[in-house]
Amino acid sequence: MADPRVARLAKLLVEYSCGLKRGEVLLLDMIDVPDEMTVALIRAARASGGIHLVEVRHSRVTREIHRGTDRAHAALVRDVEMARMKRVDAYIAIRGAHNASEGSDVPPEAQKLFAKTLRPVIDRRVNSTKWCVLRWPTPSMAQAANMSTEAFEDFYFDVCTMDYERMAKAVLPLKRRMERADKVWIHGPGTDLRFSIKGIGAKPCEGLRNIPDGECFTCPTLRSSEGTITFNTPTIYAGTKFEGIRLEMKAGKVARATCSGGSEKRLNEILDTDAGARFIGEFSLGFNPYILSPMCDILFDEKIAGSLHYTPGQAYEDPGNGNKSAVHWDMVLIQRKEWGGGEVWFDDELIRKDGLFVPKDLQGLNPDRLKLG
């Protein structure tokens, strides 16, 4: 028997997140996803009058592709995928993962080569299509969240199909404040960081690009970041898990990066991928009221209520500071009181304290208000 939640999610992705119109071409990029969901998306696209293309991938196969890549192979993949991307108007990627560390034994040089070569395809998708990216719930994700498989699936569909139109209205005051602000100060345990966002702009994320959603992002000006930030949320990047990452910033650049658990060499290898990887491409405040704890999945963790993320690497054009890199690594700091607390200031005004927004016009983003609308 078909799960009605699958059809509801497919409808939301096609009609709301991508706003697919009659005659538009939608590329479905399905990675370790049940056929039921792929079929539901095809049907939703047809119902909207759209034209669908389908790519089905498997993470174990992708691992092998990356392990043996070289310049000629990566360039061929780039050219083929770019030709297709230029033909589509919208893009939905759903990424399942039976093993979040599937790529952990891919040689770093191969990962770096493939990522750098394929970067133009991602830039084309981000800047020239209506796109949405999300995960698919798996037992490994449930385990990472310390939940049973059934409880995690219930949580997944609740958070992915919440009322994003309500969120879209509540986030507008934060967008306006980010657009007016110059100086940002982030303060908390192990963190004393300052930078400017003057003239950068801001982008609210309310279910149009990532599901689940719930953030508003901007970007530090390229050389303005000064100070230290210590992250209290674990992160997986390129198949390796990192904890306790601490970045020391000087003139906008990561001057020193450390972490716990013996992964410091790999951390710095990633930050040395290219010239832009040690500069910062994003600063964002997260506020999804249903996501409270990290699960080592960035599409969830970057939306945690009372969190922020600060991102070495690529800056997207809207908004962006011009930084280019094959890396885009969202590192998450939770500032709710039970996680150690902390403050975010815009210019001389306290914007958020211990994970709760302080100004009256922003209080609609606090969990109790956002859930109730």
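The values are calculated or read from the model by the stated rules, or taken from the named source; none is laboratory data. As the structure is a prediction and not an experimental result, all values here were calculated from the model. Every residue, glycine among them, receives a Cβ derived from its backbone with ideal geometry; neighbour counts consider all protein chains shown. Please note that ligands, DNA and RNA were not included when accessible areas were found on the heavy atoms of the full protein model with its side chains. Shrake-Rupley method; radii C 1.70, N 1.55, O 1.52, S 1.80 Å.
When each of Phe152, Phe114 is tested for being closer than 19 Å to Thr69 by Cβ and either in contact (Cβ under 8 Å) with a residue 12 or more places away in the chain or among the hydroxyl-bearing types (Ser, Thr, Tyr) (or both), the lone residue that passes is Phe114.
When restricted to residues that are within 20 Å of Arg119 (Cα to Cα), without any contact (Cβ under 8 Å) to a residue 60 or more places away in the chain and open to solvent by less than 80 Å² (accessible area, probe 1.4 Å), region 62-105 contains 18. Name the strands (runs of 3 or more DSSP E) wholly inside region 298-373 in which the number of residues that are free of Cβ contacts under 8 Å to residues at least 60 places away in the same chain is 1 or more. So the answer is 307-312, 349-353. Exactly one of (1) farther than 28 Å from Met162 by Cβ; (2) surrounded by fewer than 20 Cβ atoms within 10 Å (Cβ to Cβ) is unmet by Glu15. Its number? Here Glu15 clears every test but (1). Considering only residues of region 220-237 that are of a type in the set (A, V, I, L, M, F, W, C) and over 14 Å from the mean Cα position of the chain (by Cα), which is surrounded by the most Cβ atoms within 10 Å (Cβ to Cβ)? Of everything passing the filter in region 220-237, Phe231 is surrounded by the most Cβ atoms within 10 Å (Cβ to Cβ).
Residues are listed down the side, and each one gets a yes or a no for (1) in contact with a Ser or Thr (Cβ under 9 Å, 6 or more places away or on another chain); (2) among the basic types (Lys, Arg); (3) under 28 Å from Glu338 (Cβ atoms); (4) open to solvent by 50 Å² or more (accessible area, probe 1.4 Å):
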| residue | (1), (2), (3), (4) |
| --- | --- |
| Trp131 | yes, no, no, no |
| Trp136 | no, no, no, no |
| Thr149 | yes, no, yes, yes |
| Ala168 | no, no, no, no |
| Pro189 | yes, no, yes, yes |
| Phe195 | yes, no, yes, no |
| Arg209 | yes, yes, no, yes |
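Do we find that Gly313 is under 23 Å from Arg125 (Cα atoms), of a type in the set (Gly, Ala, Ser) and under 15 Å from the mean Cα position of the chain (by Cα) in this structure? Here the answer is yes, as Gly313 does meet what is asked.
Among residues of region 293-320 being among the aliphatic types (A, V, I, L, M) and modelled with pLDDT of 95 or more, the one that is surrounded by the fewest Cβ atoms within 10 Å (Cβ to Cβ) is Ala305.
Take the conditions assigned to a strand (DSSP E or B) and within 29 Å of Asn146 (Cα to Cα) and apply them to Lys265. Does it pass? Criteria not met by Lys265.
Is it true that some residue in region 261-280 is within 22 Å of Gly214 (Cβ to Cβ) and within 13 Å of the chain's Cα centre (by Cα)? So far as region 261-280 goes, no, none of its residues is within 22 Å of Gly214 (Cβ to Cβ) and within 13 Å of the chain's Cα centre (by Cα). Of all residues in region 192-220, those that are within 14 Å of Leu308 (Cα to Cα) and assigned to a loop (DSSP other than H, G, I, E, B) total 4.
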